[in-house]
1. Enter the per residue convex hull volume of the range 693-796, computed from alpha-carbon coordinates, in Å³ rounded to the nearest integer.
2. Extension gain GLN755-LYS98, at 0.36 nm per residue separation less the Cα-Cα distance, in nm?
3. Among SER143, ALA519, SER295, whose Cα lies farthest out toward the positive end of the dipole of the chain, if unit charges sit on the beta carbon of Lys, Arg (+1) and Asp, Glu (-1)?
4. Need one word for the range 523-564: rounded, prolate or oblate. Basis is the Cα gyration tensor (sqrt eigenvalues a ≥ b ≥ c); a/c below 1.5 gives rounded, then a/b vs b/c decides.
5. Just for the Cα atoms in the range 621-780, what are the lengths along the principal axes, largest first, rounded to whole Å?
6. Distance between the C-alpha centers of the range 110-135 and the range 612-637? Whole Å please.
7. Scattering from the C-alpha atoms of the range 432-496 alone, worked out with Debye: what is log10 I(q)/I(0) at q = 0.18, 0.24, 0.26, 0.29 1/Å?
8. So, in nm, how far is label ALA859 from label LEU581 when the simple model puts each one 7 Å beyond its Cα toward the Cβ?
Amino acid sequence: MFNSKGETPAASIVRSTCAYCGVGCGVDVTVTDGKATGINGSEDHPANFGRLCVKGTHLIDTLDESTRLLTPEVSGHQVSWSEAIQTVADKFTETIAKYGRDAIAFYVSGQLLTEDYYVANKLMKGYIGSGNIDTNSRLCMSSAVSAYKRAFGEDVVPCSYRDLEQTDLLIFIGSNAAWTHPVLYQRIERARQINPEVKLVVIDPRETPTSSGADLFLPIKPGTDGALYNGLLCYLANEEQLDTDYIAQHTTGFEETLKVANEWSLAKVARYCEVDIALIEQFYQWFATHNNAVSMYSMGINQSSSGVDKCHSIINAHLATGKIGREGCGPFSITGQPNAMGGREVGGLANQLTAHLDIENSDHQALVQQFWQSPTIAVKQGAKAVDMFDQIADKKIKAVWIMATNPAVSLPNTTKIKQALSQCDFVVVSDCVANNDTLEFAEVKLPATGWGEKDGIVTNSERRMSRQRASQFASGQARHDWQIICDVAKAMGFDGFNYQHQQEIFTEFAQLTGVDNQAKNRRLFDISGLGQLSIAQYNNMMPIQWPVTTENPQGGEQIFNDGRYVNDDLNAKFYPVVPSLPKQQTSNEFPWVLNTGRLRDQWHSMTRTSIAASLNEHTSKPYVYVSHQDGALLALKDDQIVKVSSAQGSIEVAVKLSSVMRKGQVFIPIHWNKQFAANATVATLFQGVVDPISGQPESKHVGVKIEAIDYQSFGEIYVNNAIKITSEYWLKTGLKHSDYWQLASQSLISFESLQQSIEIAGEWICQSQQGGKQFQFICLQEGQIKIAGYFSTTAPVISQPWIDQLFEQKKLTVEQIQSLLTKQSPEDAEATRKVCSCFSVSKGEVITAIVQGCQSVMALGKALKCGTNCGSCKPELQALLDEHQHEIPIKQLA
Ligand code: SF4
């Protein structure tokens, strides 16, 4: 985007990649006068062909410098870059000299680009000489990695997105893709419109927007997926639907695996999974009789104490039927982060070396050390994420560098994580934001570039590498992660980090993937065909799937089509899976099963998505979703604040009674944390139980109890200044023009005490009722609203956009002041809630259109445009149609 003078043309398009999920959509960013001003899906990007989901659509809204970390800091003081770098280098050198190389750790992230990741791994494994680098992708897909490696001999995803469109049978298991990977889900929807014969099966304990579109939904008991796929293998054998030639020619271990699977009759599976036997038989029959099948899975499978085995039970069924290595087939694990795959490639996991080489293989160690010409090389696995923070707590690890991730929110048992960080000798955090729950513990804060400024490579879930390109200059003094890492390495006295441009890093890495990549050390991850890219070629690089070699410069879409795997005997391995239930079980004290997951419009710990007000409109607060039956049992009401506790800890969230929750199960989203709520970080409730092979935490299943809290006083505040809130319960949401706070206290909140704690000068007007238990107030400065508050003995429901909009106005009218003081009813507020964030269409508008005669999602799209961009709201539109269609006057229907 920059010309040779570092200037930008007045308006241009920068082709980049979305910052969020592992779909890896291409984006065309419009840049005007050096600033990103618009965004569209890239029409020719093979991941999305022009589509974007609502998060991608609003990416530009998140480029807000006011939230950024702009200057390096040491011990709370702003310092120069050279001082910050030297401080880090000296402390690391001193720690290694005193306590050894394993006393240092890096905790990195799937948000890093491949070049950042590569040099971080090179520094830790080749120069510090420890395996102690792990990534937050450990929490997302490390079970899938381990299962692929165990089955194929290498961590290779054997599918492409095109397989999802070419298949006859698509199975989503443990994935709410309609919300988590929306553009892929839209591609599938389109393929099903073109070919209505394609069957969609959804397997999930919870009814979700994904299951609402399924031909067959199996609401299994949480954690029983492995048994379901064992039963499938047993059924396939009994029905003589195995591909015996494929098994004989390309696999090993089938007999032992079938022996274990044979214990899982249909009847036993139905009892174990608590699903109607006819539904299970239908699924098995479809799998047996369809020529093609893709099983697509993500964290519902991976985040389990037996995640690797669950993944392998899925792989077993595909190997046994030869439904792998050809069009429309395969066990397809999709990733949650933009460059989780890149981390797997460079060795960002503590149990890998780099370039898919093994950390405990002496040939591989020698190969890498020789290529790097490094002084040392890690010879054993380092600490995986949960273990890493245990070792910090035990003071074995004395210094940690956390890059682009927020473990104080995302790792299980956040109380322990925070304690570990608070007592750690030296915590360095590089991030693009100024505030998050982890930065609170940092002695050194290093400002890193964020999306829109970063420039490098990301790999999506189908092994496709795309360029993320800068559309703006770096904010403040922010620098690229790879530059920061290389500067620290050089300040520690290490050679091998003298890169001038990220292209040099990428081409070095690409060359490494081809070194000695033959019979003995063969690996399919080979991108040596990109090892000679010039800067111009690198800058213009088009999306490409690996492997990319000199013989195959166009990359490879189909993998394993020759039936040759990477194990020494070139066969794939079956593995006998003995299903086990989740470890964090329910008990008399904690009788409800808590499941967790993502919401449609938020991302991870909300540091980015919370900035885009439109993304806060869909779900404005952390809820615990409870079935109506359980709600009645516990006498719960919608929006009532409750305490949800496990054996590990407790949080406070509001209740949402839901017709899609099964009795005995509850659901809480993962996003909220200390930046947005007093106590709603759901990871607090988990113990840190992990899969013994992958080390991935079990974050989808824990026994909890739910208790009402006796709050006496409730309030909501709209304010466009920073304020300090001290009540026991609070929740903050960014609206377009103001912040919206919800508060609750066990003692009565008075207007006087509140006014004292909020330092805003101006003309305060307060009206009170019920002896001060209920009051409304506003504060005006020269006729402009600065704060509005409403307090009473009942909980507020949802923010009201009309109040937020008044903050834009220079001078309020008398009528507006009056309506501010009297406020609308909560029913009206619910009606204004946005259903379609892309076109800002409210629930009330949708219901009106339905009542006026729109009888389908398509008709609503024609009338209001809702659902016609990212399509994520289509399931909700359908639900509103189902709920309100009967309200259409008979005359109109006739
Ligand atoms: Fe981004 Fe949405 Fe595409 Fe994921 S599906 S990459 S979040 S636009």
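Values in this text are rule-based calculations from the coordinates and carry no lab data. Keep in mind it's a predicted model, so treat the numbers as computed, not measured. Positions of Cβ are backbone-derived with ideal geometry, glycine not excepted, and every protein chain shown enters the neighbour counts.
1. Normalising the Cα hull of the range 693-796 by residue number yields 146 Å³.
2. Length difference between fully extended and current span is 231.2 nm.
3. Value computed over the given set: SER143.
4. It is prolate, given that a/c is not under 1.5 and a/b is the larger ratio.
5. 62, 35, 27
6. 40
7. So the normalised log intensities work out to -0.86, -1.05, -1.08, -1.13.
8. Simple spin-label model gives 4.7 nm for this pair.
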